[in-house]
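Below is one structure; the comments refer to it alone.
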Amino acid sequence: MPEYQINEAFNVGDSVRYHAEHTPDKVATIFDDRVTTFAQVDRYSNQIANGLARLGVKQQERVGYYGKNSDYHPQIMAGVNKANAVLVPVNWRLAPPEVRYVMDDADIKVLIVSREFAGLVETLAGDLPRLETVLVMDGPYKNWGDFAAWRDAQPATDPKIKVAPRDVYVQLYTSGTTGKPKGVMIPNEAAYLGWMGVPPDPEPLKGTYKEYNPDEVALCIAPNFHLSGNGSVLGGLRMGTTVVIHPDFDVTRMVDAVLEYKVAKIFMVPAVLKILLDKAKQGADLSAIKLISYGASPIPLDMMREAVEYIGCGFLQMYGMTEIGGSATFLEPADHTLVPTEKMKSCGKPGELHEMKIVDPVTRKELPRGQPGEVALRTAAPMVGYYKNPEATAQVLDADGWYYSGDVGRMDEEGYVYIQDRLKDMIVTGGENVYSAEVESALYEHPAVKEAAVIGVPSDRWGEEVKAIVVLEPGQALTADELIMFARSHIAGYKVPKSVEFIAELPRNGTGKLMKHVLREPYWAGRERQVS
């Protein structure tokens, strides 16, 4: 791996301290009518850190954040980091049983929740024995206190707690093939090395990383429980960039923000880019945008060509995963052209702080260039591991630091990487990872379902969408709409099948193993790759 030196601003708390000292009056975040400077973020994060200590939160204990994006999120992220505790953003799209599982698995001691979800937390609290304190954003709620009032009552002195590079700063949950989410422990050093993929500048925070510039305004629309949303805020805190934060995606509001604040940089998933492209075709003025970063799934070439033509900014594709703390490959703006090229089908080349190889998925021996195999990655700052799950960690992360992604791809002679398929039964729909086993488990809860197989099928809007193929118990009757409604009560909406097909028997090989590729073939026929 390339050598790097950790500088003084190598964690969230230190970044905030730096900008509070050098540009205290610079606007850090804009959220609705709340405008917050870096000096204020520094003060608020000190107060949060001191308040957590008063609540008995010890170093590396878990603090939960359950709410949509807001300007409170970066304050809490920096405050939790200054206390050397671990922030656990909870996916607000999850169904109640999934929320309870994540909160319980993470051993969350203090939870900061929005009023929108406070009622749900109230119903779950009895099943969360380690939860001691709940604070409500824009509260209070019943017997729980208001977060902002609690924050402002704490001392504003800097706690000055030493934070080590490999201490965990955030724990993000990602689903697994077993159907249970796993908590990915991301260390402080990955906050910048892993996510940005470039070495830190020798002079703290003087970097000119392409996604963030202190003289520009960025927009955060990706959810904070994703690495992309976490990173969108992190980039602003790191580089001293003003970040406009939206609670979730709304295309009209996004276009208005571009016009009002001259937004130059945005990260989005391809499904959002398609909606923005439609606005551009209708004449929306997006000329302020200089760079759109995208990831989570590839973009069809025709759509990418139209985006280059109608939006007219630079585009940067990033491929990575939570386990490596960020992006591993980058398809640069220069590779996005009006006349589509073969390179535009790739996810780019590894960043300066990443290594990549294509290996045999069984032997894990490196394969020749051009030959497809499993994508393996090594970064300067890998995850610490899966929380309380060393067995799962050992399956994907070896002693030499190589992470085995489960993605199938190939690398050409120039080093461009092409993702072609997945070893695991994962579906990427609208930027969200959905695992077949998790959806199948929910479908099996219905008494009329004998067997279920869940696959991803092409979708012009979402890249892929979830489809269920079901065998019913003898004598049972069930409609697709009834099963979809049933699933919606058990799992998050984005995991619910968009369509259901009933068949007499699932295809299996001689040993009885389900052959999902047979189910997928009719939907993916004629396509170059088995992911969209």
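The values are calculated or read from the model by the stated rules, or taken from the named source; none is laboratory data. It should be emphasised that the depicted structure is a prediction, and the values quoted were computed from it without experimental measurement. Cβ atoms come from the backbone with ideal geometry, glycine included; neighbour counts cover every protein chain shown.
Would you kindly identify the helices (runs of 4 or more DSSP H) lying entirely within the stretch 189-297 that contain at least 1 residues that are modelled with pLDDT of 90 or more? Can you show your working first?
On the way: elements: 193-196, 227-239, 251-261, 270-281.
Hits in the stretch 189-297: 227-239, 251-261, 270-281.
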- So how many residues does the stretch 479-517 have that are at pLDDT 90 or above, out of contact with any His (no Cβ under 6 Å at 6 or more places or on another chain) and not in a loop (DSSP other than H, G, I, E, B)? 15
- Item | Which numbered condition Thr393 misses (of (1) surrounded by fewer than 20 Cβ atoms within 10 Å (Cβ to Cβ); (2) part of a loop (DSSP other than H, G, I, E, B)) | (2)
- Task: Name every residue in the stretch 18-46 that is surrounded by 22 or more Cβ atoms within 10 Å (Cβ to Cβ) and either of a type in the set (S, T, N, Q) or closer than 20 Å to Ala164 by Cβ (or both), in order of residue number.
- Result: Thr29, Ser45, Asn46
- Message: Residues that are farther than 29 Å from Gly295 by Cβ, touching a strand residue (DSSP E or B) at 6+ places or on another chain (Cβ under 6 Å) and β-branched (Val, Ile, Thr): does the stretch 471-481 have at least one?
- Response: yes
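Every residue in the stretch 396-408 that is part of a strand (DSSP E or B) and on the phi < 0 side of the Ramachandran plot, please. Walk me through it before giving the result.
So in the stretch 396-408, the residues part of a strand (DSSP E or B) come out as 397, 403-408.
Of everything in the stretch 396-408, those that are part of a strand (DSSP E or B) and on the phi < 0 side of the Ramachandran plot turn out to be Leu397, Tyr403, Tyr404, Ser405, Asp407, Val408.
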- Out of the stretch 394-445, which residues are more than 19 Å from Ala296 (Cα to Cα) and under 19 Å from the mean Cα position of the chain (by Cα)? Val396, Glu438
- Message: For the stretch 245-270, give me the residue count where each residue is aliphatic (A, V, I, L, M) and in contact with a Ser or Thr (Cβ under 8 Å, 6 or more places away or on another chain).
- Response: 4
- Query: Hey, among the residues in the stretch 325-354 that are of a type in the set (D, E, K, R) and under 21 Å from the mean Cα position of the chain (by Cα), which one's surrounded by the most Cβ atoms within 10 Å (Cβ to Cβ)?
  - Reply: Lys349
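Name the residue that is surrounded by the fewest Cβ atoms within 10 Å (Cβ to Cβ), counting only residues in the stretch 469-479 that are within 13 Å of Ala448 (Cβ to Cβ) and touching an Asp or Glu at 6+ places or on another chain (Cβ under 8 Å).
As a first pass, look at the stretch 469-479 and keep what is within 13 Å of Ala448 (Cβ to Cβ): 470-479.
Pick out the ones that are also touching an Asp or Glu at 6+ places or on another chain (Cβ under 8 Å) and you get 470-471.
Working: Val470: 24, Val471: 15.
It comes out as Val471.
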- Query: Among all residue pairs at least 6 apart or on different chains, which show Cβ distances below 6 Å where the first residue, located in the stretch 246-257, is surrounded by 15 or more Cβ atoms within 10 Å (Cβ to Cβ) and the second is assigned to a helix (DSSP H, G or I) and among the small types (Gly, Ala, Ser)?
  - Reply: none
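Might you let me know whether the stretch 53-63 holds any residue that is under 18 Å from Tyr169 (Cβ atoms), part of a helix (DSSP H, G or I) and in contact (Cβ under 8 Å) with a residue 40 or more places away in the chain?
Filtering the stretch 53-63 for residues under 18 Å from Tyr169 (Cβ atoms) gives 53, 57-63.
Keeping just the survivors that are part of a helix (DSSP H, G or I) gives 53.
Then keep just the ones that are in contact (Cβ under 8 Å) with a residue 40 or more places away in the chain; that gives 53.
Yes, the conditions are met somewhere in the stretch 53-63.
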